[in-house]
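The values are calculated or read from the model by the stated rules, or taken from the named source; none is laboratory data. Since the structure is predicted, the reported quantities are computational estimates derived from the model, not experimental observations. Cβ: placed from backbone, ideal geometry, glycine included. Neighbour counts: every protein chain shown.
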Amino acid sequence: MANPVLTVLILFGMWLCYEASSGRPLPYPSLLDPLKSVGLFLFRAEWMLRVVFWLAVVAHVWEAAIAAKFALKLTQSQAGGDVAVSRTPFVLFWVVQTGMVGFPSLKLLKEQRREQLQASKTQQGQQGKKAQ
């Protein structure tokens, strides 16, 4: 599971970018107006904030698709080819989490996959030694 503080910060940043680029008055102006000013200082215009928001959305969707691929590979190798193992909740969890959080979640999934590959290589090496 991704770090909850990081999750909240990323979701807040996505929401703030959306609100700042919408052109309507911000809710909680005393808190959010200074943050919008920083965004406008960095990107110079509301339309550019909108572009940044939509690029972030596309990046999160892309990362979620990659997470689905990794999660499917992870469950296939864990099941050992057994089709009776339900992998939908596992894959769905990773897709939703990565769609919300992005790279930190995908990094955790990649680490799990790497550990699994190393464990399977170790097992194969031990089986090869036993066969000799």
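Please go through the stretch 58-74 and pick out each residue that is crowded, with 17+ Cβ neighbours inside 10 Å and more than 11 Å from the chain's Cα centre (by Cα).
70, 71, 74
What pairs come out if I take residues in the stretch 102-131 that are under 29 Å from residue 59 (Cβ atoms) and pair them with residues that are of a type in the set (Val, Ile, Thr) and at pLDDT 90 or above whose C-beta lies under 6 Å away, six or more apart or interchain?
Between residues of the stretch 102-131 that are under 29 Å from residue 59 (Cβ atoms) and residues that are of a type in the set (Val, Ile, Thr) and at pLDDT 90 or above, the close pairs are 105/98; 106/98.
From the set of residues in the stretch 11-57 that are hydroxyl-bearing (Ser, Thr, Tyr) and more than 21 Å from the chain's Cα centre (by Cα), which is surrounded by the most Cβ atoms within 10 Å (Cβ to Cβ)?
Ranking the candidates gives 21 first.
Considering the stretch 85-115 alone, what residues qualify as being assigned to a loop (DSSP other than H, G, I, E, B) and over 12 Å from residue 73 (Cβ atoms)?
Taking the stretch 85-115 and keeping what is assigned to a loop (DSSP other than H, G, I, E, B), we get 85-87, 102.
Hits for the stretch 85-115 are 85, 86, 102.
Any idea which of 69, 130 is part of a helix (DSSP H, G or I), more than 21 Å from residue 3 (Cα to Cα), at pLDDT below 90 and of a type in the set (Lys, Arg)?
Within the list 69, 130, the selection yields 130.
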